Amino acid sequence: MASLAWLLIPLFAAVGAAIWGSWAARDRTSGDISELAGYARFREAMGKAEQTRPTADAHWKKDTVDTV
């Protein structure tokens, strides 16, 4: 039984390597357009947030805590 286990370990490793190899070699070109569009929307939203953000001085004065 122990010899069977030693023979199955490389078999499982080979099957796992074949699955990983097919996953790593898959075609990934289909999602580039939607990802680039999402990144453009993200940059636009961050640009709007930068323009509407209050100044650091106003935020600092509002959140200060008096220490004893």
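The values are calculated or read from the model by the stated rules, or taken from the named source; none is laboratory data. Source: prediction; values computed, not measured. Note that each Cβ is placed from the backbone with ideal geometry, even for glycine, and that neighbours are counted across all protein chains shown.
Tabulated data for the structure shown
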| item | result |
| --- | --- |
| Residue that is polar (S, T, N, Q), at pLDDT below 70, at negative phi and more than 32 Å from the chain's Cα centre (by Cα), where the choices are 55, 67 | 67 |
| Residue in the stretch 44-51 that is modelled with pLDDT under 90, part of a loop (DSSP other than H, G, I, E, B) and surrounded by fewer than 10 Cβ atoms within 10 Å (Cβ to Cβ) present | no |
